[in-house]
1. Among the numbered criteria (1) more than 12 Å from the chain's Cα centre (by Cα); (2) on the phi > 0 side of the Ramachandran plot; (3) surrounded by 12 or more Cβ atoms within 10 Å (Cβ to Cβ), which single criterion is violated by Gly33?
2. Residues of segment 16-44 being modelled with pLDDT of 90 or more, of a type in the set (A, V, I, L, M) and assigned to a helix (DSSP H, G or I), which ones?
3. Condition check: loosely packed, with under 15 Cβ neighbours inside 10 Å, among the hydrophobic types (A, V, I, L, M, F, W, C) and not in a helix (DSSP H, G or I). Does Met47 satisfy that?
4. Just checking, how many residues over segment 62-74 are without any contact (Cβ under 8 Å) to a residue 40 or more places away in the chain and either surrounded by 12 or more Cβ atoms within 10 Å (Cβ to Cβ) or not polar (S, T, N, Q) (or both)?
5. Taking Lys13 and the conditions (1) free of Cβ contacts under 8 Å to residues at least 40 places away in the same chain; (2) assigned to a helix (DSSP H, G or I), which numbered condition does it fall short on, given that it satisfies the others?
6. When the residues of segment 47-74 are filtered to those that are small (Gly, Ala, Ser) and at pLDDT 85 or above, which remaining residue is nearest to Leu7 (Cα to Cα)?
7. Among the candidates Asn51, Asn2, Asn9, Asn60, single out the residue that is touching a Gly at 6+ places or on another chain (Cβ under 9 Å) and not aliphatic (A, V, I, L, M).
Amino acid sequence: MNREEELQNLVDKLKKIKEESGATYEQLARAIGVSTFTLPRWFSRGMYNPNTSSIKLVTNFISDYERSEKEGRSDTFFPMV
């Protein structure tokens, strides 16, 4: 898998989490640690030339979310807005 495909895979996972959880862009952005303007851009255009820290934030978030889901506590994962 090349870098572009890996980045698209991260965006696809975020979209799935947002859809399944019912989280807003703001809730998801806060949980990840990125700007609320960043997520809609990623969802519409993909992650083009993201910095290393953004990729790390997203991968850590996805990992933490998936772990909480396995533990049955994903319904309380997002901060209240």
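The values are calculated or read from the model by the stated rules, or taken from the named source; none is laboratory data. Everything numeric in this text was worked out from a predicted model, so none of it was measured. A quick note on method: Cβ atoms are made from the backbone with ideal geometry, for glycine too, and the neighbour counts reach across all protein chains shown.
1. With (1) more than 12 Å from the chain's Cα centre (by Cα); (2) on the phi > 0 side of the Ramachandran plot; (3) surrounded by 12 or more Cβ atoms within 10 Å (Cβ to Cβ) applied to Gly33, the lone miss is (1).
2. Passing the criteria: Ile17, Leu28, Ala29, Ala31, Ile32.
3. Numbers: loosely packed, with under 15 Cβ neighbours inside 10 Å: no; among the hydrophobic types (A, V, I, L, M, F, W, C): yes; not in a helix (DSSP H, G or I): yes.
It is false that Met47 is loosely packed, with under 15 Cβ neighbours inside 10 Å, among the hydrophobic types (A, V, I, L, M, F, W, C) and not in a helix (DSSP H, G or I).
4. Start the filter on segment 62-74 by keeping residues that are without any contact (Cβ under 8 Å) to a residue 40 or more places away in the chain, which leaves 63-64, 66-73.
Now restrict to residues that are either surrounded by 12 or more Cβ atoms within 10 Å (Cβ to Cβ) or not polar (S, T, N, Q) (or both): 64, 66-73.
Adding up the residues that qualify gives 9.
5. Just one mismatch for Lys13, condition (1).
6. Filtering segment 47-74 down to residues small (Gly, Ala, Ser) leaves 53-54, 63, 68, 72, 74.
Of the ones still in play, those that are also at pLDDT 85 or above are 53-54, 63, 68.
Details: Ser53: 13, Ser54: 11, Ser63: 15, Ser68: 22 Å.
Residue satisfying both the conditions and the ranking: Ser54.
7. Numbers: Asn51 fails: touching a Gly at 6+ places or on another chain (Cβ under 9 Å); Asn2 fails: touching a Gly at 6+ places or on another chain (Cβ under 9 Å); Asn9 fails: touching a Gly at 6+ places or on another chain (Cβ under 9 Å).
Of Asn51, Asn2, Asn9, Asn60, the one residue that is touching a Gly at 6+ places or on another chain (Cβ under 9 Å) and not aliphatic (A, V, I, L, M) is Asn60.
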